[in-house]
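Below is one structure, written out as structure tokens, with a few remarks after it.
The values are calculated or read from the model by the stated rules, or taken from the named source; none is laboratory data. Predicted model only: the values in this text are computed from it and were never measured. Heads up, the Cβs are rebuilt from the backbone with ideal geometry, glycines too, and the neighbour counts pull from every protein chain shown. To get the accessible areas, we keep the full protein, side chains included, count just its heavy atoms, and leave off ligands, DNA and RNA. Shrake-Rupley method; radii C 1.70, N 1.55, O 1.52, S 1.80 Å.
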Amino acid sequence: QVQLVESGGGLVQAGDSLRLSCAASGRTFSSYAMGWFRQAPGKEREFVAAISWSGGSTYFADSVKGRFTTSRDNAKNTVYLQMNSLKPEDTAVYYCAASSWPSDVPEKYAYWGQGTQVTVSS
């Protein structure tokens with residue numbers, strides 16, 4: 001099994017940057033691909049980014065492409081979401097999730113973190 005804990009959310013102004021972290025723990029026998037999703041009140045859970053633990057493949061939603069990047073540090077069992085040029089529309093609870101393969105579909109992910117709130121003002 002794997003446990004995921006997001007951190008790094010907060011309140012920022014439009015144009016600011018923020019880096020979210022997702023720390024994985026627990027004993028596993030295989031690597032996991034990681035995904036980032038977000039959900040604003042009254043809206044569907046939305047794909048943001050995904051990265052494979054092996055191969056280094058990354059994927060991004062059109063809405064964040066060019067502004068967000070995702071990276072991994074396998075030695076620390078941590079995945080990062082670097083968010084630049086933040087907009088009020090980015091306001092949401094951000095979740096990381098683990099899957100056997102990268103996907104933009106939430107149902108493909110078996111493990112989820114508790115989420116971290118990102119609020120972008122102005």
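Here are the numbers:
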read-out	value
Residue match in the range 60-75 (condition: closer than 18 Å to V5 by Cβ, out of contact with any Phe, Trp or Tyr (no Cβ under 8 Å at 6 or more places or on another chain) and either open to solvent by 30 Å² or more (accessible area, probe 1.4 Å) or free of Cβ contacts under 8 Å to residues at least 60 places away in the same chain (or both))	yes
Per-region count, the range 78-98, residues within 15 Å of F47 (Cβ to Cβ), surrounded by fewer than 22 Cβ atoms within 10 Å (Cβ to Cβ) and modelled with pLDDT under 95	0
Where V120 falls short, out of the listed (1) more than 19 Å from V5 (Cα to Cα); (2) under 15 Å from the mean Cα position of the chain (by Cα); (3) buried (at least 18 other Cβ atoms within 10 Å of the Cβ)	(2)
When residues of the range 1-27 are limited to those that are open to solvent by 50 Å² or more (accessible area, probe 1.4 Å) and under 18 Å from K108 (Cα atoms), the one modelled with the lowest pLDDT	Q1
Selected residue [open to solvent by 50 Å² or more (accessible area, probe 1.4 Å), more than 14 Å from A23 (Cβ to Cβ) and either modelled with pLDDT of 95 or more or not β-branched (V, I, T) (or both)] from A110, A40	A110
Residue in the range 36-47 that is in contact with a strand residue (DSSP E or B) (Cβ under 8 Å, 6 or more places away or on another chain) and within 19 Å of Q3 (Cβ to Cβ) present	yes
Residue count for the range 43-57, restricted to those that are open to solvent by 60 Å² or more (accessible area, probe 1.4 Å) and within 15 Å of S99 (Cα to Cα)	2
2 or more residues within 19 Å of G115 (Cβ to Cβ): qualifying strands (runs of 3 or more DSSP E) within the range 13-102	18-25, 33-39, 46-51, 68-73, 78-83, 92-99
Matching residues, the range 1-19, being over 11 Å from K87 (Cα atoms) and either free of Cβ contacts under 8 Å to residues at least 24 places away in the same chain or not basic (K, R) (or both)	Q1, V2, Q3, L4, V5, E6, S7, G8, G9, G10, L11, L18
